[in-house]
Amino acid sequence: METANNDAKLASIDADNVRETRDAILYGEETGLVERVLLVKKYIAYALGKDSAAYQQINALKFRRD
């Protein structure tokens, strides 16, 4: 029973570490998903124009920083 409890604690620590890494990738200020999406939206608006169908579709996707 003690071994199973220790294994569960170690697994919990590993899961926390993986979540921290995931959060850094997804939500980092310069490299995060939201920042990348906003850059793509700006690029498409510049390259194709804000009246293009592609921009309208992409602009409909909402991403926000918390």
Practice problem: Under 8 Å between Cβ atoms, at least 6 apart or on separate chains: pull out the pairs that start in the stretch 26-48 with a residue that is among the polar types (S, T, N, Q) and end on any residue that is at pLDDT below 90. | Solution: 31/25
Quiz item: What helices (runs of 4 or more DSSP H), lying completely within the chain, carry at least 1 residues that are touching a Phe, Trp or Tyr at 6+ places or on another chain (Cβ under 8 Å) and open to solvent by less than 100 Å² (accessible area, probe 1.4 Å)?
Solution: 33-48
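The values are calculated or read from the model by the stated rules, or taken from the named source; none is laboratory data. Computed from a prediction, not measured in an experiment: that's the story for all the values here. Here the Cβ is made from the backbone with ideal geometry for all residues, glycine too, and neighbour counts use every protein chain on show. Calculation scope for accessible area: heavy atoms of the full protein, side chains included, ligands and nucleic acids excluded. Shrake-Rupley method; radii C 1.70, N 1.55, O 1.52, S 1.80 Å.
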